[in-house]
1. I need every pair where a residue in segment 18-32 that is on the phi < 0 side of the Ramachandran plot has its Cβ under 8 Å from the Cβ of a residue that is of a type in the set (Asp, Glu) and surrounded by 10 or more Cβ atoms within 10 Å (Cβ to Cβ), sequence separation at least 6 or different chains.
2. From the list Ser66, Ser25, exactly one residue is at pLDDT 95 or above and exposed (fewer than 10 other Cβ atoms within 10 Å of the Cβ). Which is it?
3. Any idea which of (1) surrounded by 10 or more Cβ atoms within 10 Å (Cβ to Cβ); (2) at pLDDT 90 or above; (3) not basic (Lys, Arg) is the one Ala49 doesn't satisfy?
4. For the list (1) of a type outside the set (Ser, Thr, Tyr); (2) modelled with pLDDT of 85 or more; (3) surrounded by 10 or more Cβ atoms within 10 Å (Cβ to Cβ), I need the number of the one condition that Leu56 fails.
Amino acid sequence: MGVVRSAFHDECDRLGAVLRTLDRSDLDRPTRCVPWTVADLLAHVRTGAGRLADMLAAPAPVPPRSTPPATSVRRSSSRR
């Protein structure tokens, strides 16, 4: 888990460095995530980042029970 937290911390530092170069008018600029502006995208990232600590602290989800693929299921056949 330390690797994940370290990587997240590094990405936060990189994002912070970019944000420090922006001025107020940059926040109204469009992004490639149409129709979001830079401010909209940052709000989205902030929401996700805010949830990350709880997600990392929670136990891993239990994977759903798998069922055999349809091709591996034996069917009774009249070709015996």
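The values are calculated or read from the model by the stated rules, or taken from the named source; none is laboratory data. Note that this is a predicted model, so its numbers are computed, not measured. Here Cβ is always computed from backbone atoms with ideal geometry, including for glycine, and neighbour counts include all displayed protein chains.
1. That search, which allows pairs on different chains as well, returns Thr31/Asp40.
2. Numbers: Ser66 fails: at pLDDT 95 or above.
Only one candidate passes the filter, namely Ser25.
3. Of (1) surrounded by 10 or more Cβ atoms within 10 Å (Cβ to Cβ); (2) at pLDDT 90 or above; (3) not basic (Lys, Arg), only one is false for Ala49: (2).
4. (2)
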